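Engineer: Just passing along the structure, written as structure tokens.
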Amino acid sequence: MATVKGYIEKIKFRNEENGYTVLSVSGADDGEEYILVGTFSYVAEGELVEAEGRMTQHPVYGEQLAVERYEIKAPEDTVSMERYLASGAIRGIGAALAARIVKKFKADTFRIMEEEPERLAEVKGISERMAMSIAGQVEEKKDMRQAMMFLQGYGISVNLAVRIYQEYGPAMYSILKTNPYRLADDIPGVGFKMADEIASRIGINTDSDFRIKSGILYTLLQAAASGHTYLPEEELASQASQLLLVDPDQIGKHLMDMQMDKRLIIREDEEKCRQVYASQYYYLELNVARMLHDLNIRGSEPEDRIRQRLLAIQSAERIELDELQIRAVIEAVNSGLLILTGGPGTGKTTTINTIIRYFEQGDMEILLAAPTGRAAKRMTEATGYEARTIHRLLELSGAPENGEKQGSLPMRFERNEENPLDADVIIIDEVSMVDIHLMHALLRAVNVGTRLILVGDVDQLPSVGPGNVLRDVIESGRFPVVRLARIFRQAAQSDIIVNAHRINAGEPITLGKPSRDFLFVRREDPNAIINAMITLVREKLPAYVKAAVSEIQIMTPMRKGALGAVRLNAIFQEYLNPPAPDKPEKEAGDAVFRLGDKVMQIKNNYQIEWTAYNSYGVPVDKGTGVFNGDMGIIREINLFAELLTVEFDEGKRVEYSFHQLEELELAYAITIHKAQGSEYPAVVIPLWSGPRMLMTRNLLYTAVTRARACVCLVGVSGVFQQMVENAMEQKRYSGLRGRIEEIMDADVRMPGRSG
């Protein structure tokens, strides 16, 4: 063990989330420079620190003290007092003023500041007002440091501790002792679990009203993370009582109070089942329903005139539309809102292209977008029109400002009702992926009178985020919907498309028969399945589909297990990107990231910056935001700067600090849920037994439809048949359909309103 005592010269690095800090310290006795690394609750340059730890040798930075214990000392002599005050730690005091203060009060300087601050005005250049400001800062730093130490005792990170202190000030202590659950309501980043842990240490009873109410809200927000916008009352009571370890009756008696406080909304469905919403989700659904209703304006263009113009377009484009596709164009012309749905090969792209050509002839402004970068890129390739992600279309400007509380929308857009999109027609593809948050943000930016066309396959998996928007809108029966069903002749030559429709219909499929694009490799145990997959991905498929190895995607139903994404990633990393002297790597958590690895972003980061480069390495665009499901390649690992660079689609490069690597995971194999909206030249799907609730028909359907040129199934044929027969879908509680019906019914009862 070694001890260093000295003045903090410079804070070289600080992670505000966990307090990890690198300090440059000037020794109090010898003036030598020391580098200290460790977790510091709250420190400022100029302070006197005494730290104890072990001397270590960093390969780049040299000798460092890895701090295990430390203490901030009050300056002990006039030299150290002057040094501290001159460091800038106290606003308004520079070197000259610091010298005058210490010359006046000598060793009594800090006692004067704390006990007789008005006397500071005796120093030339300090007014009474400034004297009180200096005293306040000294006291605040003392209080802040005490608060940091207090909160860190409860496992709270430095950044959160600062926000807690800034929110409540000295009242923090009484709030923590009476109702620590307020933290979960007032401060983003403090959830119920953290508040509950603090409460248990403080001694709050498990049946506390504050605790139960906070636990109810937490249960609803956890349900939202699983895709639900509400929970039935019985299910809420069951889940919350298990979380809180209290009787379910304890839950029910608080619901009315929470409804009166406007924290909950309770509605009854047609079967008189009580639906319990966290207020934010009820109003999201209600506002989406209202905005959809307002867009639903009927036009009066004669149908025969539309058909005549369509004949000219078909002749010029050398295409032939069936009656449903023609109906879709007619509805697009005469509807403020149109939903176009259908499976693969049913002509959605041709229909979209025809709609675009029709509106082009009228010199209309047309905007195209999709939920993900890959889906937008596919849309651009299919239409010849630039398509953007919905986030870029709405001009994402980052996360909410600090003043916004938990429950605010998780992102901010420049485009909204005050700054709407400038367009006559907006076409959104892959709408099955759009959750209630994103749909709400989109509709806010669409003017009444703009045509909105929503396109998607309603039989795909629903959005990762809360809600079931596309299905609810279609099933409400209140808006124009065209469902394309015919598989066109060219598409019918693809076994991928034909079998996808058979899977969706629950029809039997014979595996193993000759096919150019739907292959089955029989293997009977996990290791044999993995060996076959390695051969396919590394040797067979790239040449077969004329694609790079990195473009072949393994998709699995599960995250964990013998054939789960976690294990497959570790194995395929070793086979496809083995370690080498010229490949730097960084261990983070359970994963090792290596130069050249294929990775995926696993959480939305609305503030991270990216720069897009062209093929010559010249920057051509900048922006913010990387989203759950975005995939890229690690292009650089800088161990000295502790930065890792990932290149995503369209040449977008993002720098991650090593402390941000929990946002990434290897992506040689991904879960099928994560593949929504993407398309790959070839996909490889392991077939092995798993939980029935995961091994479902629509999961298999979604996986198969991600392949452009080849699907390769590897494993047990019986598992495939079981998935086709398992029509069970994970129940998703969403009430948008009910909100649409309420608003439409109210409109019928109030004649004269628009729509």
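The values are calculated or read from the model by the stated rules, or taken from the named source; none is laboratory data. No experiment lies behind these values; they were computed from the predicted model shown. Cβ coordinates were reconstructed from backbone atoms using ideal geometry, including for glycine residues, and neighbour counts include every protein chain displayed. Ligands, DNA and RNA are excluded from the accessible area calculation, which covers all protein heavy atoms including side chains. Shrake-Rupley method; radii C 1.70, N 1.55, O 1.52, S 1.80 Å.
Engineer: What are the residue pairs meeting all of these: first residue in the range 133-156, first residue on the phi > 0 side of the Ramachandran plot, second residue assigned to a helix (DSSP H, G or I) and modelled with pLDDT of 75 or more, Cβ atoms under 8 Å, and 6 or more apart or on different chains?
Structural biologist: Gly155/Met194; Gly155/Glu197
Engineer: Here's another thing I want to ask about it. Can you go through Glu197, Glu167 and tell me which one is touching a residue at least 40 places away in the same chain (Cβ under 8 Å), open to solvent by 70 Å² or more (accessible area, probe 1.4 Å) and outside any strand (DSSP E or B)?
Structural biologist: Glu197
Engineer: Being of a type in the set (Lys, Arg), within 26 Å of Arg708 (Cβ to Cβ), open to solvent by 10 Å² or more (accessible area, probe 1.4 Å) and not in a helix (DSSP H, G or I) narrows it down to one of Arg483, Arg478, so name that one.
Structural biologist: Arg483
Engineer: Among the helices (runs of 4 or more DSSP H) contained in the range 302-370, which hold 3 or more residues that are basic (Lys, Arg)?
Structural biologist: It comes to 303-317.
Engineer: If you don't mind, another one. Say whether the condition of being surrounded by 15 or more Cβ atoms within 10 Å (Cβ to Cβ) and of a type in the set (Gly, Ala, Ser) is met by at least one residue in the range 101-114.
Structural biologist: no
Engineer: Considering the range 632-654 alone, what residues qualify as being within 27 Å of Ala387 (Cβ to Cβ) and either touching a residue at least 60 places away in the same chain (Cβ under 8 Å) or not aliphatic (A, V, I, L, M) (or both)?
Structural biologist: Gly632, Ile633, Arg635, Thr645, Glu647, Phe648, Asp649, Glu650, Gly651, Lys652, Arg653, listed by residue number.
Engineer: Got a sec? Which of Gln308, Gln275, Gln280, Gln325 is polar (S, T, N, Q), farther than 30 Å from Gly252 by Cβ and either touching a Phe, Trp or Tyr at 6+ places or on another chain (Cβ under 9 Å) or open to solvent by 10 Å² or more (accessible area, probe 1.4 Å) (or both)?
Structural biologist: The unique qualifying residue is Gln308.
Engineer: Pairs, please: C-beta under 9 Å, at least 6 apart or cross-chain, first residue at positive phi and in the range 498-523, second part of a strand (DSSP E or B) and not β-branched (Val, Ile, Thr)?
Structural biologist: Here the result reads Gly512/Leu519; Gly512/Phe520; Gly512/Arg522, each pair linking the range 498-523 to a residue that is part of a strand (DSSP E or B) and not β-branched (Val, Ile, Thr).
Engineer: I would also like to ask the following. Could we say that Arg522 is charged (D, E, K, R) and closer than 26 Å to Val329 by Cα here?
Structural biologist: no
Engineer: Sticking with this one: Need a quick list: strands (runs of 3 or more DSSP E) entirely within the range 566-664 having at least 1 residues that are open to solvent by less than 20 Å² (accessible area, probe 1.4 Å), closer than 26 Å to Tyr680 by Cα and in contact with a helix residue (DSSP H, G or I) (Cβ under 6 Å, 6 or more places away or on another chain).
Structural biologist: Because the criterion is at least 1 residues that are open to solvent by less than 20 Å² (accessible area, probe 1.4 Å), closer than 26 Å to Tyr680 by Cα and in contact with a helix residue (DSSP H, G or I) (Cβ under 6 Å, 6 or more places away or on another chain), the strands (runs of 3 or more DSSP E) in the range 566-664 that meet it are 598-601, 605-613, 619-626.
Engineer: When you go through (1) part of a helix (DSSP H, G or I); (2) over 14 Å from Ile265 (Cα atoms); (3) open to solvent by 40 Å² or more (accessible area, probe 1.4 Å) one by one for Met291, which number turns out not to apply?
Structural biologist: All conditions are met except number (3).
Engineer: Can you name every one of the strands (runs of 3 or more DSSP E) wholly within the range 1-72 that holds 1 or more residues which are of a type in the set (Asp, Glu)?
Structural biologist: By residue number, 2-14, 33-39, 48-58.
Engineer: Please find, within the range 346-380, the residue that is most open to solvent (accessible area, probe 1.4 Å) out of those that are in contact with a helix residue (DSSP H, G or I) (Cβ under 6 Å, 6 or more places away or on another chain) and free of Cβ contacts under 8 Å to residues at least 40 places away in the same chain.
Structural biologist: The selected residue is Thr349.
Engineer: Can you tell me which residues in the range 28-55 are modelled with pLDDT of 85 or more and surrounded by 13 or more Cβ atoms within 10 Å (Cβ to Cβ)?
Structural biologist: Within the range 28-55, Tyr34, Ile35, Leu36, Val37, Gly38, Val49, Glu50, Ala51, Glu52, Gly53 meet the criteria.
Engineer: Within the bounds of the range 249-267, is there any residue that is over 17 Å from Tyr181 (Cβ atoms), in a strand (DSSP E or B) and aliphatic (A, V, I, L, M)?
Structural biologist: Yes, the conditions are met somewhere in the range 249-267.
Engineer: Testing Leu160 on (1) more than 30 Å from Lys253 (Cα to Cα); (2) assigned to a helix (DSSP H, G or I); (3) over 24 Å from the mean Cα position of the chain (by Cα), one condition comes back false. Which one is that?
Structural biologist: Evaluating Leu160 over (1) more than 30 Å from Lys253 (Cα to Cα); (2) assigned to a helix (DSSP H, G or I); (3) over 24 Å from the mean Cα position of the chain (by Cα) leaves (3) as the failure.
Engineer: Could you please give the count of residues in the range 449-460 that are aliphatic (A, V, I, L, M), out of contact with any Leu (no Cβ under 6 Å at 6 or more places or on another chain) and open to solvent by 10 Å² or more (accessible area, probe 1.4 Å)?
Structural biologist: Of the residues in that region, 0 qualify.
Engineer: What number goes with the only condition from (1) open to solvent by less than 20 Å² (accessible area, probe 1.4 Å); (2) within 30 Å of Asp209 (Cβ to Cβ) that Leu97 does not pass?
Structural biologist: (2)
Engineer: Hey, could you check the range 104-132 for residues that are at pLDDT 85 or above, part of a helix (DSSP H, G or I) and out of contact with any helix residue (DSSP H, G or I) (no Cβ under 8 Å at 6 or more places or on another chain) and say which is nearest to Glu82 (Cα to Cα)?
Structural biologist: The extreme case among them is Asp108.
Engineer: Sticking with this one: Which of (1) open to solvent by 10 Å² or more (accessible area, probe 1.4 Å); (2) on the phi > 0 side of the Ramachandran plot does Gly677 not meet, given it meets every other one?
Structural biologist: (1) is the only condition that Gly677 fails.
Engineer: Here is a further query. Among the residues of the range 486-518 satisfying the criterion of being β-branched (Val, Ile, Thr) and surrounded by 12 or more Cβ atoms within 10 Å (Cβ to Cβ), which is nearest to Glu323 (Cα to Cα)?
Structural biologist: Ile487
Engineer: Output yes when any residue across the range 235-242 is of a type in the set (Asp, Glu) and either under 30 Å from Phe150 (Cβ atoms) or not in a loop (DSSP other than H, G, I, E, B) (or both), and no when none is.
Structural biologist: Yes - at least one qualifying residue is present in the range 235-242.
Engineer: How do the pairs read when you match residues in the range 415-438 that are within 24 Å of Tyr277 (Cα to Cα) and open to solvent by less than 10 Å² (accessible area, probe 1.4 Å) with residues anywhere that are part of a strand (DSSP E or B) and of a type in the set (A, V, I, L, M), using Cβ under 6 Å and keeping only pairs 6 or more apart or on different chains?
Structural biologist: Val431/Leu454
Engineer: Now for a separate question. Which of the residues belonging to the range 506-519 are in contact with a helix residue (DSSP H, G or I) (Cβ under 8 Å, 6 or more places away or on another chain) and more than 24 Å from Ser550 (Cβ to Cβ)?
Structural biologist: Correct list: Gly506, Glu507, Pro508, Ile509, Leu511, Gly512, Ser515.
Engineer: Does Tyr84 qualify as being among the aromatic types (Phe, Trp, Tyr) and open to solvent by 50 Å² or more (accessible area, probe 1.4 Å)?
Structural biologist: In short, no.
Engineer: Looking only at the range 218-247, filter to residues that are open to solvent by less than 60 Å² (accessible area, probe 1.4 Å) and modelled with pLDDT under 90; which one of those is farthest from Tyr733 (Cα to Cα)?
Structural biologist: Val246
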